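Inspection log for the structure reproduced underneath, given as structure tokens.
The values are calculated or read from the model by the stated rules, or taken from the named source; none is laboratory data. What you are looking at is a predicted structure, and each value in this text was computed from that prediction instead of being measured. Glycine also receives a Cβ, built like all others from the backbone with ideal geometry; neighbour counts cover every protein chain displayed.
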Amino acid sequence: MRRLGLCLLSLCALVLAGSPASALEPTILAANGGPKPDGYEGVGPPRVPPLLARNGRLYGIDGYDNIFSLENYVNHSRQVVDLTELGLETFSGGLVQDNREGKGEMYVAGFRPESLFNELDSGRLLRLDFDGSHPRTVVELLEPNGILVIDGGRIYGLDKGPEGNGRLFAVDLDAAQPTLETVHIFSAGPQGQRQYPNGMILGSDGWLYGVTAYVRGVPYAPGTPSSPATPTGTVYRIDPRQGTASFEVLHTFVLDDGEIPWQTRYGETYHRMAVNSSNSISYILSGLVEGPEGYVYGNLSLGICTTMGTQPEGLGHFLEALPLCDGQEAAADDRLKWYASDPPHYDGPNLHGSIYRVAMSGDDFAIVHRFSGGDGGSQPRGPMVLAGDGNIYGTTYAGGRLSGRGAPPGEPVDPPADDEWFHGGTIYRINPDQIRIGDSGQVENDGFELVYAFVDGMDKQGNVRYDGVQPVGLSLGSDGRMYGGNRSGGGYFRTSISNKVLRRTGTLYRLSLNPDDEQSRVTITVTPGEIEEGGTALLEWSSVDASNCTASGGTEGDGWAGPKDDTGYIEVSPEPGTYYYTLTCESTLTGGQVGDVASLGVGAQDRTTDEQTREYGNGGGSPSWWLLAGMGVLLAARSKRSGRR
């Protein structure tokens, strides 16, 4: 593939004027799903925020149990590894990378549920090359939750362990034959409740900080306690060098604080069925992050996304989805009869979740913020990050601005019916310096701000955008920017065979604190960049903060030249020669123009002997003088570099 960036050309006439927008707004890097060429199929909803690897690419895990990857600019994801082929299907944590000098391998942990009633299912820790390829088993595990932490040459993780209440394990990454070391075995919770390990981080003091969930049970199921004082989990710390002798519970949560998500098939039938029948938000775990001044911050929401239902015909009890997991306080009117309880169908006092902080020494705990639902956000889950501005950032799975799923971009979008609006989730931040807690323990200032609400379709103001919805948390890249994923949406596409309109399967995004990092961009790629006569190449384009795009170049009748959507693709198969495809758009940040150009060579012999005679064919029109001059500069520089090699 040959690709030339117009904004790098010394004679480029594209103008960038004015200052970029100051709003904290995510840049959507990719919308998963849709028709793709070979090697791009199968990428589904992101389960966890992506990892920015040392090679500059992003890597994640999707709802189809693939490891996928994408470049750190607007493009699309491609499958790297199908984890089901390795016997793994369930993942709550993401990939981690060994960043030591001379290393770079990635690691991931997961398991495959064998059946509904298995006491424990086997899993494994995998090692992959630096680019996510060539997975191989490091050690066998028992239902790991996927959370992994690397410290030096050791990796720490969590699984259920042989007793089913959790095990903190370690593996020496440099050992010729790595073995599983047990750091700590978790005991059962109060009254014999199962204890489920959740999120975990490595503190700056070298201790591990984590949370565990007590499996309270399905709301309104027989035997499920609902007192506000019911224990729901813990936050703990442990020195991995000392193991169990150093284990300390910093705080025990109760139902009034909120719950910690759990996934277990242990216990009575309702528990097992809840996990197998509920949506996979159950696998989005609680997050933790170390803040300033010796505090750890975390999020609390719902324990399980199901509640008891009942069949009006008297056929018995069964499980229904809990509307609160989607930020709604009641089931739709036509489904109320299927629920065994009145709205909000939940037996706890904290409907929408909360944010807490606890001193790393364990002597200071406070619920810093309680979410209000609706446009105030609901159900905080997933990893949190401490960004370069000193603020803590996280996401809520629901809440925020009302949105209606619309039609494909470019087609008329009518406002949805009143009962079809939904809340797509938010990005929030907490400024630790602004938190004020009185002597009585009352929070006087929570330092909380909701900074972005995701919309996938039309909002109440009539604006249409396709962010994707249902965020799964944030990761912090080595470049100082934050990265996240949304489990659903991202626009629509038409199938090439039936012409049906289908919704995309989630998005990946980047969040920058410095507006200068996020400039308007246009990207064109041709895959492959060299084809034989009669072959076909895929021409794709995308834009960031740009619109009103116009294409030129190509050949007559290939569908390229003329007005273009902000993103799209076509297949081209021109005659032998060298062809250039250009796209210029208006910057929505500055009002100036941005553009890009990509080249395609058809027939190797013709490419070398006739490179400058067929470059625009006869259908796209001639490029303007500045583009020809600029390409000449870059082509000359490329020739000199080739000569030096």
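A few remarks follow.
- Among residues of region 222-235, those that are in contact with a strand residue (DSSP E or B) (Cβ under 6 Å, 6 or more places away or on another chain), surrounded by fewer than 21 Cβ atoms within 10 Å (Cβ to Cβ) and within 16 Å of residue 346 (Cα to Cα), counted: 1
- Test for residue 400: is it assigned to a strand (DSSP E or B), buried (at least 18 other Cβ atoms within 10 Å of the Cβ) and of a type in the set (Gly, Ala, Ser): no
- Checking each residue of region 580-597 against the condition of being at positive phi, in a strand (DSSP E or B) and modelled with pLDDT of 90 or more gives no match.
Rundown of residues vs (1) buried (at least 23 other Cβ atoms within 10 Å of the Cβ); (2) closer than 24 Å to residue 384 by Cα, yes/no style:
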position	(1), (2)
70	no, yes
76	yes, no
79	no, no
82	no, no
86	no, no
93	yes, yes
108	yes, yes
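- Of all the listed residues (341, 361), the sole one being closer than 30 Å to residue 445 by Cβ and among the polar types (S, T, N, Q) is 361.
- Across region 151-160, the qualifying residues are those that are crowded, with 21+ Cβ neighbours inside 10 Å and of a type outside the set (Phe, Trp, Tyr), and the one among them that is farthest from the chain's Cα centre (by Cα) is 160.
- For residue 480, the stated conditions do not hold, so it cannot be described as farther than 30 Å from residue 56 by Cβ and surrounded by fewer than 23 Cβ atoms within 10 Å (Cβ to Cβ).
- Condition met for residue 405 (modelled with pLDDT of 95 or more and either over 22 Å from the mean Cα position of the chain (by Cα) or not assigned by TED's automatic domain parsing to the domain that holds residue 567 (or both)): no
- Long-range neighbours under 6 Å by Cβ, at least six apart or interchain, first residue closer than 16 Å to residue 429 by Cβ within region 354-366, second in a strand (DSSP E or B) and among the hydroxyl-bearing types (Ser, Thr, Tyr): 357/295; 357/297
So that you can scan it fast, the table gives a plain yes or no per residue for (1) part of a strand (DSSP E or B); (2) modelled with pLDDT of 85 or more; (3) under 27 Å from residue 288 (Cβ atoms):
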| residue | (1), (2), (3) |
| --- | --- |
| 452 | yes, yes, yes |
| 465 | yes, yes, no |
| 486 | yes, yes, yes |
| 499 | no, no, no |
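- Here residue 152 qualifies as at pLDDT below 95 and either of a type outside the set (Ser, Thr, Tyr) or assigned by TED's automatic domain parsing to the domain that holds residue 508 (or both).
- The residues listed here are 388, 348; of these, the one that is surrounded by fewer than 21 Cβ atoms within 10 Å (Cβ to Cβ) and either of a type in the set (Phe, Trp, Tyr) or in a loop (DSSP other than H, G, I, E, B) (or both) is 388.
- Scanning region 546-568 for residues that are part of a strand (DSSP E or B), surrounded by fewer than 17 Cβ atoms within 10 Å (Cβ to Cβ) and not small (Gly, Ala, Ser) yields 548, 550, 563.
- Members of region 162-206 found to be touching a residue at least 12 places away in the same chain (Cβ under 8 Å), part of a loop (DSSP other than H, G, I, E, B) and of a type in the set (A, V, I, L, M), listed by number: 173, 180, 188
- Some residue of region 220-233 being closer than 17 Å to residue 184 by Cα, in a loop (DSSP other than H, G, I, E, B) and not aromatic (Phe, Trp, Tyr): no
- Residue count for region 526-541, restricted to those that are touching a residue at least 40 places away in the same chain (Cβ under 8 Å) and part of a loop (DSSP other than H, G, I, E, B): 5
- In this entry, residue 522 is excluded by the filter for residues that are in contact with a Ser or Thr (Cβ under 8 Å, 6 or more places away or on another chain), closer than 21 Å to residue 577 by Cβ, among the hydrophobic types (A, V, I, L, M, F, W, C) and touching a residue at least 60 places away in the same chain (Cβ under 8 Å).
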